[in-house]
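All remarks here apply to the structure that follows.
Values quoted throughout were computed directly from the atomic coordinates according to the rules given, and no laboratory measurement underlies them. Only a predicted model underlies this, so the values are computations on that prediction, with no experimental measurement involved. Note that we place each Cβ from the backbone using ideal geometry, even for glycine, and neighbour counts take in every protein chain shown.
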């Protein structure tokens with residue numbers, strides 16, 4: 001198989017993975033709409049927002065691939081997520097159309113696939129995690145408890161200041 005065909009297959013695979021993510025976002029938003037009819041509705045702007053998110057992700061991936069060919073270590077090592085964020089930032093600053101389109105997509109619906117993929121990636125590295133010391137688990141428990149308590153205290157202060 002030629003290098004060009006392999007690269008084309010890579011882009012198709014990334015594109016389909018992003019399409020699956022967009023589908024999961026749409027599915028999650030639909031389920032949320034069933035449970036809470038007052039939440040963000042699914043309409044043409046929602047679909048447009050999902051297409052914009054897909055396009056930003058693809059452009060960010062393509063920029064990442066191009067930067068790897070420049071042989072500048074800082075640019076080549078910069079993560080894809082960073083490029084996607086920079087592409088999104090540039091487009092959203094250039095035109096409010098993109099901001100309005102993305103605003104039609106429910107934020108919590110976007111986080112669901114992200115958390116699912118994060119869980120899958122953790123499961124893939126479970127064997128590596130088992131090789132670490134048991135002390136890491138104790139540190140993780142204290143970090144989780146500290147984060148939870150810190151969030152709860154900040155929320156409580158916010159509620160007290162707002163009079164609720």
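Brief remarks on what is shown
- Label separation (residue 145 vs residue 76): 4.6 nm, computed from points 7 Å beyond Cα along the C-beta direction.
- Shape annotation for the chain: C-alpha extents along the principal axes are 61, 49, 30 Å, from largest to smallest.
- Remark: 54, 83, 134 ranked as 134, 54, 83, counting other beta-carbon atoms within 10 Å and listing the fewest first.
- Cα centroid separation - segment 88-164 against segment 9-59, whole Å: 19
- Taking 118, 137, 55 as the candidate residues, the one with maximal mean-square fluctuation in a Gaussian network model of the chain, Cα springs under 10 Å, is 137.
- Helix-only mean residue ellipticity at 222 nm for the chain, each DSSP H run of n ≥ 4 adding -39500 (n - 2.57), per residue, nearest 500: -28500 deg cm²/dmol
- In plain terms, the chain from residue 85 to residue 30 could stretch by 17.2 nm, reckoned as 0.36 nm per residue minus the Cα-Cα distance.
- Three-way shape label, segment 8-47, alpha-carbon gyration tensor, a/c 1.5: prolate
- Order of 73, 68, 32 under a 10 Å beta carbon neighbour criterion, fewest first: 73, 68, 32
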